[in-house]
Amino acid sequence: MSDTLSEHRGYLVDTRRVARYGDAIDQVVAQGDTVVDLGCGFGILGMMCLKAGAAKAWGIDATDAIDIARETADRAGLGDRYHCIHDQTFRAELPEKVDVLICDHVGYFGVDYSIVHLMADARRRFLKPGGRMIPERLELYLAGVRSEGCRQMLDRWETDDVPGDYAWLRSYAVNTKHAVDLVPTDIATAPVVSGHVVLGDDAPETLVFKATLEIDENGVLDGIGGWFVCELGGGVSMSNSPLARDAICRHQIFLGFDQPLAVTAGSKVDVSVRLSHRNGIIAWSVRDPATGWLQRYSNWAAMPMSAGERLKPHAAPRRLNDRGRALSVVLGYLDQSLTGQEIEQAILREHPALFPSADETARFVKDALADYTA
């Protein structure tokens, strides 16, 4: 819960973001509307809609933040109109269609937090014909970055204070999407609009963004920076651009190069970013204007082996692992006549070797029942 509190406090105290959403809600939400907040967190956007005149709001969130949203709504006297659903948005179901979808899953590069498929799925399943959405569209920017701080993020596994046996992890750092707070002096090229996304529309599984960066002076590029301008609705927008004086408090992305790329004034550098929504893979490339060599990077190369295995297609027959077998044992006791305590006692008695200790078996049973039963 401590991580949840810290994360969501940051959202709540970002006054520019809250004000932008408030202005958009005033323009888009009508009296008597029904609203659903996707990935609602602590529920601030849904409750703002209620205060602006909405009759009912649904908040959907798969984390323990939903408990904070429920209690906050109750304490604010909105509990009879704010209804919480503890589930992933893609799996949740609503008993009615709504007038407005609202969501703040705008990533550091706008599209890198599943908002495109999230809102397209919700539009199909939750929104009334002619319904409205907040936000409405995204404009994505790419620029060259020259930054000692960003370079250090890539090189820090080769410093003297890191044991040499772990220097190989530099390759992971190079192939990682980094959340950064860039400043204007870090931006080494003019930003280029690399793409537009209309939220709620069906989109291809992989989104591709390309830009040609024009070099004004001799120097180097350490990588690519990316950010967004988000049109919320009703003529209201927000941005996390490091060049905007009124930017919201949201990181940008930095996609690094293995070594600084030497560039000369007047040259042009082609870069691209590809993002897959199904598995979260982000890949980027840069073409050296002097040699024509295309450098390619991907966070696939920075995934631990266990994570990479989960993403691979499997042609061989699949079998339950130890954890899967344990889960099947627990679910096998669900016959609608036993309490959770009775199930736990029965498993401890009849499957004493399910896990190495009785304490771990009891913990697993409690967690499984919490996750998979009502």
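Side notes on the structure shown:
- Some residue of segment 123-145 being small (Gly, Ala, Ser), within 17 Å of the chain's Cα centre (by Cα) and closer than 23 Å to Gly22 by Cβ: no
- Test: residue in segment 196-203 that is over 20 Å from the mean Cα position of the chain (by Cα) and either acidic (Asp, Glu) or at pLDDT 95 or above (or both): no
- At least 2 residues being in contact with an Asp or Glu (Cβ under 7 Å, 6 or more places away or on another chain) and farther than 18 Å from Ser241 by Cα is the threshold, and among the strands (runs of 3 or more DSSP E) wholly inside segment 78-158 those reaching it are 98-103, 127-134.
- Within segment 47-64, residues that are under 12 Å from Gly22 (Cα atoms) and at pLDDT 95 or above reach partners that are part of a strand (DSSP E or B) and of a type in the set (Asp, Glu) with beta carbons closer than 8 Å, at six or more positions or on different chains, in the pairs Cys49/Asp37.
- Every residue from segment 146-165 that is more than 30 Å from Glu214 (Cβ to Cβ), of a type outside the set (Val, Ile, Thr) and loosely packed, with under 11 Cβ neighbours inside 10 Å: Asp160, Asp161, Pro163, Gly164, Asp165
- Cβ-Cβ contacts under 8 Å between residues 6 or more apart (or on different chains), taken from a first residue in segment 201-213 that is touching a residue at least 12 places away in the same chain (Cβ under 8 Å) to a second residue that is surrounded by 12 or more Cβ atoms within 10 Å (Cβ to Cβ) and basic (Lys, Arg), are listed as Thr206/Arg274; Leu207/Arg274; Val208/Arg274; Phe209/Arg274; Thr212/Lys268; Leu213/Lys268.
- Residue in segment 292-303 that is modelled with pLDDT under 90 and more than 19 Å from the chain's Cα centre (by Cα) present: yes
- From the list Pro204, Pro184, Pro163, Pro129, the one residue that fits, being out of contact with any strand residue (DSSP E or B) (no Cβ under 7 Å at 6 or more places or on another chain) and not assigned by TED's automatic domain parsing to the domain that holds Glu231, is Pro129.
- For segment 265-308, taking the residues that are β-branched (Val, Ile, Thr) and part of a loop (DSSP other than H, G, I, E, B), the one that is nearest to Leu118 (Cα to Cα) is identified as Ile281.
The values are calculated or read from the model by the stated rules, or taken from the named source; none is laboratory data. Predicted, not measured: the structure shown is a model, and the values here were computed from it. Please note: Cβ atoms are built from the backbone with ideal geometry, for glycine as well, and neighbour counts cover all protein chains shown.
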